[in-house]
Structures are given as C-alpha cells and as structure tokens.
Amino acid sequence: MRSLELEVRTGRARGFTDLTPACVRFAQDASGGGDGLLSVFVPHATAGLIVLELGAGSDADTLAALDRLLPRDDRYTHRHGGTGHGADHVLPLFAAPSLTIPVIGGRLELGTWQSIALLDPNADNETRRVRLSFLGG
C-alpha cells in the first residue's frame, strides 16, 4: 500500500475544497498505471468527504441543505467554539470521513462531472489533513 498525507488550507470560509487533482496525481503515480482502490480519509471530527459536481451551484445548494438540516444555532449539547459548532460535529452523519474510489488503468473511475471534495463547515480550522492511500489490485 502507498500512502500520502496532504495539508489542505481551507481558510476561514465554510465550504468545499476540490481534492480531485491531488487524488488524480497520486492515483496515477501510486498505481503505476494499474488497477486498485484509492482511499481518501480526513482525520477530523468536523470535516467530511463527498463526491459531487463543483462549481455549478451544487456546492452552494449542498451547504444550504446542510444548514436547513443542521441549523447553525445553540441547540446542540456540544457547544464549544462558535455558534453552530455543534452542527459541525454532527456532519459525519451526512459526509463520512472516508471515501473509496476505484482506480482502473491508473485512472480514477469518476463520472464526467464528479469531483472529490473536502467539506469543511468549521471556520475555526484553517488547515486540514487528508490521507490518500492506494491499494493495488
């Protein structure tokens, strides 16, 4: 198995960071053009990973839907940090901390408009770690 840790600067804004280019490069290099599985993992309690279309409004729609499902107020038992931070800790219910993507012939098997994105709703953390691992087939 090959592995790489990325340091991802998400800044103070809540939202998505496109990991696709880094995942493509890693999968091509680690696979040597072969087949296998790419695992993407974020070791944070208030961030998650999703596959979606970025830049066409889906990212804004997804954040709006999350805010409707997980209101950013003080209703949560977990209340340290800024207002709504408790909602950030419920995020793994909707955006898991890991993804697995098939790699065939050194290429990620993503659909035409699919991107691998880090979802970071927590404006308190400016930097996240992401672990990429490739297991050859």
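A few comments on the model shown:
- Of all residues in region 1-36, those satisfying the criterion of being modelled with pLDDT of 95 or more, assigned to a strand (DSSP E or B) and closer than 18 Å to Ser58 by Cβ are Phe16, Thr17, Asp18.
- Of residues in region 2-60 being basic (Lys, Arg) and surrounded by 15 or more Cβ atoms within 10 Å (Cβ to Cβ), the one farthest from Leu119 (Cα to Cα): Arg2
- Number of positions in region 48-81 that are basic (Lys, Arg) and closer than 16 Å to Asp120 by Cβ: 1
- Being of a type in the set (Asp, Glu) and surrounded by 15 or more Cβ atoms within 10 Å (Cβ to Cβ) is a description that does not apply to Asp67.
The values are calculated or read from the model by the stated rules, or taken from the named source; none is laboratory data. Since we're looking at a predicted model, the values are computed, not measured. Ideal geometry is used to build each Cβ from the backbone, glycine not excepted, and the neighbour counts take in all protein chains shown.
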